[in-house]
Amino acid sequence: MVPLSWYLIFAAALFSIGLFGVLARRNAVAILLGVELMLNSVNVNLAAFWRYGDVTNIAGQVFAIIVFAVAAAEVSVGLALVISIYRQRNTVIADDIDMLKF
Amino acid sequence: MTLFAALRVVTTGNLVHAALWLIATLFGIAVTFAILNASFLAVVQVVVYIGAISILFIFAVMLTRKEMRDRGPQMNRNWWFGALLAAITFVGLVLLLYGWNGVSKTASVYPSDFDAVGALGNALISPDAYVLPFEVASVLLVAALIGAVYVAFNPRSGDSSK
């Protein structure tokens with residue numbers, strides 16, 4: 001059985017890659033892909049702490065399920081916004097979306 | 001391998017390829033869940049993420065595709081700053097982890113008579129456990145989906161789809 005640190009470092013690397021994606025990509029859909037990576041790394045951490053802590057305490061898995069639900073809500077609203085902006089402005093480049101009202 | 005796939009998600013030029021690499025990454029994470037004995041999480045990962053969210057991403061990519069067809073830079077001007085910040089975050093997290101004395105802990109033997117899926121189900125519906133967060137999460141999901149339909153709804157449907 002591998003030590004806990006492997007999972008934590010794996011999750012940290014995944015989180016950093018997602019952070020880079022959020023900060024560096026120009027396309028709004030790609031930014032949402034980065035957000036998904038970050039949420040998934042958090043879930044890996046939750047599952048790892050559940051497994052390496054007290055297994056009978058199921059709170060870690062419950063929290064991961066709720067993170068799943070929030071991630072699904074976030075991505076549906078985010079993609080709906082992107083599609084709506086694309087209809088109005090004909091762009092998905094985050095730099096070009098610079099008006100609140102038009 | 002999962003990390004390589006994740007790296008391709010944020011660096012590849014073609015957005016459809018990025019979405020497909022995201023599926024590979026999510027599958028790797030599902031395998032990680034299975035290794036961690038979290039069988040329900042692995043199944044939910046495959047069904048919800050790979051089955052639903054990835055398809056949603058691919059739909060969104062195809063609906064917004066005309067502009068970003070492999071043309072122009074995919075990164076913004078400050079991509080090096082983003083890379084620097086991500087590297088600093090990673091190094092900081094690793095240093096923080098190694099400052100903590102529980103980091104090299106190994107797992108206890110998984111109790112063979114423990115039914116994790118049953119315990120999870122009981123915890124989600126029992127009033128003295130997590131029924132309230134569960135209900136709040138479901139209401140949030142319904143509200144988000146109705147909001148998404150409302151936001152993405154095109155009142156001039158049919159004629160303005162190009």
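The values are calculated or read from the model by the stated rules, or taken from the named source; none is laboratory data. Just so you know, these numbers come straight off a predicted model, no measurement behind them. Cβ sites come from the backbone with ideal geometry, for glycine too, and all protein chains shown count toward neighbours.
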When segment B:10-54 is examined, which residues are found to be out of contact with any strand residue (DSSP E or B) (no Cβ under 7 Å at 6 or more places or on another chain) and over 25 Å from A:Q61 (Cβ atoms)? B:T11, B:T12, B:G13, B:N14, B:V16, B:H17, B:A18, B:A19, B:L20, B:W21
Just checking, which of B:L120, B:L97 is touching a Ser or Thr at 6+ places or on another chain (Cβ under 9 Å), under 21 Å from A:A64 (Cβ atoms) and assigned to a helix (DSSP H, G or I)? B:L97
Would you mind finding the one in A:F63, A:F68 that is in contact (Cβ under 8 Å) with a residue 24 or more places away in the chain, at negative phi and of a type outside the set (G, A, S)? A:F68
With A:E36, A:E74 as the choices, which residue is at the interface with chain B (Cβ under 7 Å from one of its Cβ atoms), assigned to a helix (DSSP H, G or I) and of a type in the set (D, E, K, R)? A:E36
Do you know which residues across segment A:17-30 are under 14 Å from B:W79 (Cβ atoms) and not in a strand (DSSP E or B)? A:I17, A:L19, A:F20, A:G21, A:V22, A:L23, A:A24, A:R26, A:A30
Look at segment A:10-38 and say how many of its residues are farther than 15 Å from B:G28 by Cβ and either out of contact with any strand residue (DSSP E or B) (no Cβ under 9 Å at 6 or more places or on another chain) or polar (S, T, N, Q) (or both). 13
Quick check on segment B:99-111. Is at least one of its residues charged (D, E, K, R) and in contact with a helix residue (DSSP H, G or I) (Cβ under 7 Å, 6 or more places away or on another chain)? yes
With respect to A:N57, is the statement that it is more than 7 Å from chain B (Cβ to nearest Cβ), farther than 21 Å from B:A52 by Cβ and either at pLDDT 85 or above or buried (at least 20 other Cβ atoms within 10 Å of the Cβ) (or both) true? no
